[in-house]
Amino acid sequence: MSRRSRKAAPASAGAARCTVTVCRGCCCGTAKIPGLDHPAQLDQLRSSLAHLAQVRVTGCLDACEHANVIVIQPSAAGRAAGGRPVWLGLVNDADAADDIAAWVEAGGPGLADPPGVLDLYAFTPSRRIRQAVDD
């Protein structure tokens, strides 16, 4: 993730909201990733982002080695400011949903720097995999 300074703006300001895509396919959200209440994680994201972002569930994003995968897509304003989708992998900590919600509330990609802990989750998938969500 970029460390450049970004102008903070609330997610509700102006254009379309961020989209948070939660993989619940092959490995993500299954018993293959033990020790996490997967339905509770999804419920937490949906409730904390209800008025801030669209939360959608998708099938396998083909990044199974990073399960659980969550992709944060910028709002239209965030994209105009240079933001690009951020792929988060190994999101297997119950507190991660709070960090994601705080970032989206601050504006998300392109408009706000993410909480530092999210840097630990960020990864760059192959171009083929990125095209499944980025466009």
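Every number here is computed from the coordinates shown, using simple stated rules; none is lab data. This is a predicted model, so every value here is computed, not measured. Cβ coordinates were reconstructed from backbone atoms using ideal geometry, including for glycine residues, and neighbour counts include every protein chain displayed.
Along the stretch 27-34, what does the Karplus equation 6.51 cos²θ - 1.76 cosθ + 1.60 (θ = phi - 60°) give for ³J(HN,Hα), rounded to whole Hz, x for Gly and Pro?
Result, rounded to whole Hz: 10, 5, x, 10, 5, 5, 10, x.
Please figure out what share of the DSSP beta bridges in the chain is antiparallel and state it in percent, rounded to the nearest 5.
Of those bridges, close to 60 percent are antiparallel.
Report the relative contact order of the chain, percent, no decimals, based on alpha-carbon pairs under 8 angstrom and at least 6 residues apart.
Computed value for the chain: 31 percent relative contact order.
Amide H neighbours of Val55 under 5 Å, at least 5 residues apart or on other chains, H built in the peptide plane: list them.
When sequence neighbours closer than 5 places are left aside, the close amide H contacts are Val20.
Give me the base-10 log of I(q)/I(0) for the stretch 80-124 at each q in 0.15, 0.24 Å⁻¹, Debye formula, one uniform scatterer per Cα, rounded to two decimals.
The Debye formula, applied to the Cα set alone, gives -0.34, -0.86.
Could you calculate the FRET efficiency of Leu36 with Ala76 from 1/(1 + (r/R0)^6), where r is the beta carbon distance between them and R0 is 25 Å, rounded to 0.05?
0.20
Cα-Cα pairs above 17 Å in the chain: how many percent?
Everything past 17 Å amounts to 54 percent.
Would you kindly state how much longer the chain becomes between Leu120 and Leu90 on full extension, computed as 0.36 nm times their sequence separation minus their alpha carbon distance, in nm to one decimal?
On the way: separation 30, 0.36 × 30 = 10.80 nm, distance 0.90 nm.
Between Leu120 and Leu90, full extension yields 9.9 nm more.
In deg cm²/dmol and to the nearest 500, what is the mean residue ellipticity at 222 nm of the chain if only DSSP H runs of at least 4 residues count, each as -39500 (n - 2.57), divided by the residue total?
For the chain, the value works out to -7000 deg cm²/dmol.
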